[in-house]
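Working notes, structure below.
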Amino acid sequence: MRFTTPLVAGLAVVSPVVAAPYSSSKNQFQPITQIELGPRPYYLVNDMEEGALKKKLQSCSNMKMKRSDWSIGHRGGAALQFPEHSLQSALAGARMGAGILECDVAFTKDRELVCRHSQCDLHTTTNIVNIPELNAKCTQPFKAAANGAAASAKCCTSDITLKEFKSLCAKMDGFNASATTAEAFLSGTAKWRTDLYATCGTVLSHKEHIALVDGLGLKFSPELKTPEVEMPYEGDYTQEMYAQQFIDDYKKMGIKPARVWPQSFLYDDILYWLKHEPKFGKQAVYLDETGDTPETFITAVQNLTRYAKDGVRIVAPPLNYLVTGKNGEIVPSAYAKKANKLGLGIISWSLERSGPLANGANGDYYYNSITDVVDNDGDMYKLVDVLWRQIGIIGLFSDWSATVTYYANCFKIGV
Ligand SMILES: *[C@@H]1O[C@H](CO)[C@@H](O)[C@H](O)[C@H]1NC(C)=O
Ligand SMILES: *[C@@H]1O[C@H](CO)[C@@H](O)[C@H](O)[C@H]1NC(C)=O
């Protein structure tokens, strides 16, 4: 068994399944032809209330499943159970039929790009605080809980080099607020997730992620994470340089712009790509989180007009912006109607991030506009159905790709 790229250093221990068949080819990752959805989508369908949609979805229960570009792997596509943004999460997302995989991009001290959900989440998504020499480099090294104050730490990708980053283990996002030792700080996984696969997940650089997704024959939805350090970083690394470097990684690796959906929450990043990298800008996705209160929701809807005018083609609000509850049903919101009217493509995030949906999803953010209408896990497919058949979204991020892939196959979307 031989490995040809640094991507798999240390991989043999955790994932022999991946390595064996591919070692002789140029890229050790190859397209997955046997898509496996596992039991969860079938469980969700069975959990639905009786009705036409349930019947339709049940009618697909013996279908041979294919991957779908409508199914976008959030944080790799298996973050519900696998350490987010790890090689293992991406492989599980691909196995579950995600056609597009996400890497959230942040920069290291030596200005290399890596996959992390935020620039400063290393203390909750990796084992960094438990490695003394790296913990010492953190913006705020681990501080034990004491005198009623919670344990804390703040570790950013920009605190360490790429090489140091690659020595970390990816774990499930979470921390133990009452930890008195660095090791105890590492636990804290929500009980509806699992630590079963958190056995030192392989962290990825952006370039490794590109090689992986390219090898798998899939598409890309990288996100330029908003920096949490002052820009220009160290006085001379500007936001524009960061946005450009992000696109340059695709160009250098020969990836066609049509396979890439660059995303950002910073509107100026979108405008930058539209102007300086129009081929990539064409599919740029503006991640909209500007409408979280009733007042700002109104301006968020109004702002859509400006985005369309500026040449933005795709907006990506969270699920709760797109739907609302009415007479016990989930219906399209004013945001969804306006975006449709303007001809904007809509992508949404993130299904399967919320835990069990009993009791109005227990007040969870993603369901807060339809709390009254949601009371069991099967309702997830009611939501997905409104997103597709009433709103016509072009893609859906999920922390468990199988759930979206199943619906996409059943309704023949992007397969
Ligand atoms: C959290 O930390 C405390 C103090 O170190 C420890 O006693 C407890 O077992 C930890 N909890 C978990 C779930 O590891
Ligand atoms: C959205 O609208 C508000 C209020 O008009 C404005 O302050 C904000 O900058 C707008 N956002 C964008 C990205 O245009």
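Computed from the coordinates by the stated procedures, all read-outs in this text should not be read as laboratory data. Note that the coordinates shown come from a computational prediction; the quantities given were computed from them, not determined experimentally. Using ideal geometry, Cβ is built from the backbone for each residue, glycine included, and neighbour counts are taken over all protein chains shown.
For Gln263, the residues whose modelled amide H falls within less than 5 Å of its own, excluding neighbours fewer than 5 places apart on the same chain, are Glu223, Leu224, Val285. Taking 27 Å as the straight-line reach from the Cα of Lys279, the lysines in range (excluding those fewer than 8 positions away in the same chain) are Lys207, Lys219, Lys225, Lys251, Lys252, Lys256, Lys309, Lys338, Lys341.
Show me the GluC sites (Glu not before Pro) within segment 189-236 that DSSP assigns to loop and that have at most 14 other Cβ atoms within 10 Å of their Cβ. Filter output for segment 189-236: Glu230, Glu234. For the chain, the relative contact order is 19 percent, taking Cα pairs closer than 8 Å that sit 6 or more residues apart in sequence and dividing their mean separation by the residue count. The ranking of His117, His206, His85, His276 by Cβ neighbour count inside 10 Å, starting from the fewest, reads His276, His117, His206, His85. Charges were assigned to the Cβ only: +1 to each Lys and Arg, -1 to each Asp and Glu. The resulting dipole of the chain about its Cα centre is roughly 1480 debye. What does the charge count near Gly311 come to, summing +1 for each Lys or Arg and -1 for each Asp or Glu among other residues with Cβ under 11 Å from its Cβ? Once all neighbours under 11 Å are counted, the net charge is +4. For Thr126, the residues 5 or more places off, or on other chains, whose built amide H falls under 5 Å of its own are Lys171.
What does the charge add up to near Asn127, with Lys and Arg as +1, Asp and Glu as -1, over the other residues with Cβ less than 10 Å from its Cβ?
Details: positive: Lys171; negative: Glu183.
For residues surrounding Asn127, the net value is 0.
Considering only His206, Val260, Thr157, the residue lying farthest towards the positive end of the dipole of segment 109-264 is Val260, judged by Cα position with unit charges set on Cβ.
Under the convention that each Lys and Arg Cβ holds +1 and each Asp and Glu Cβ holds -1, the size of the dipole of segment 262-415 around its Cα centre is about 860 debye.
Proximity of backbone amide H atoms, modeled 1.01 Å from N, is registered between Ser350 and Leu319 at under 5 Å, excluding neighbours fewer than 5 places apart on the same chain. Note on segment 45-149: dipole from Cβ charges, positive end direction compared against Ala98, Ser86, Asn135; the farthest Cα belongs to Ala98.
Placing +1 on the Cβ of every Lys and Arg and -1 on the Cβ of every Asp and Glu, with no other charges, gives segment 205-327 a dipole of roughly 880 debye about its Cα centre.
Counted over segment 54-174, the DSSP beta bridges are approximately 70% antiparallel. For Thr125, Thr290, the sequence from fewest to most other C-beta atoms within 10 Å is Thr290, Thr125.
Here the 3J(HN,Hα) profile of segment 97-102, calculated from phi with Karplus coefficients 6.51, -1.76 and 1.60 at θ = phi - 60°, is x, 5, x, 9, 10, 9 Hz, Gly and Pro shown as x.
Ordered by the number of other Cβ atoms lying within 10 Å of each residue's own Cβ, fewest first, Ser350, Ser167 fall into the sequence Ser167, Ser350.
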